[in-house]
Amino acid sequence: MSRHLDRHPGMGLALRMAAAVLGGYALASAWAVLCGAWAPARVEGILAGEQTSWLLYVMAVIWAFSPVALGRVWAVLVAATLAMLAAAVWMAQRGA
């Protein structure tokens, strides 16, 4: 992947921007879903998740532009999002 990015230097920036915007949004949304599944009253949990999700979004944006390898940024964002969604599904099934 680095050879391709060496030939197209703007591609790395575009991929980091996509990780920041799309990955951050997916992570923040998964957090809101997890909070909704975790709380006994789903509406309050979702509202709390939405109100705190901007912190995760900002952290994901900052981390996407850190000097960490681009593949690691994408891998961690996808893995964290999927882990949160899996935990939310598990909690929703257990509680139902």
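Placing +1 on the Cβ of every Lys and Arg and -1 on the Cβ of every Asp and Glu, with nothing else charged, gives the chain a dipole about its Cα centre of roughly 280 debye.
If a spin label sat at a point 7 angstrom from the Cα of Arg42 along the line to its beta carbon, the backbone N atoms of the stretch 65-96 nearer than 15 Å would be those of 88-96. Could you tell me which of rounded, prolate or oblate describes the stretch 27-96, using a ≥ b ≥ c as the square roots of the eigenvalues of the alpha-carbon gyration tensor, with rounded for a/c under 1.5 and, failing that, prolate when a/b is larger than b/c and oblate otherwise? In terms of gyration-tensor shape, oblate. Using C-alpha pairs below 8 Å separated by at least 6 residues, the relative contact order for the chain is 36 percent.
So, with a 1.4 angstrom probe, what is the percent of accessible area on the chain that is carbon and sulfur?
Carbon and sulfur atoms account for 74 percent of the accessible area of the chain.
Rolling a 1.4 Å probe over the heavy atoms of the protein chains gives the stretch 1-62 an accessible area of 67 Å² per residue.
The values are calculated or read from the model by the stated rules, or taken from the named source; none is laboratory data. It should be emphasised that the depicted structure is a prediction, and the values quoted were computed from it without experimental measurement. For neighbour counting, all protein chains shown are included, and Cβ atoms are generated from backbone atoms with ideal geometry for every residue, glycine included. Just so you know, the surface numbers come from the protein's heavy atoms only, side chains and all, with ligands and any DNA or RNA stripped out. Shrake-Rupley method; radii C 1.70, N 1.55, O 1.52, S 1.80 Å.
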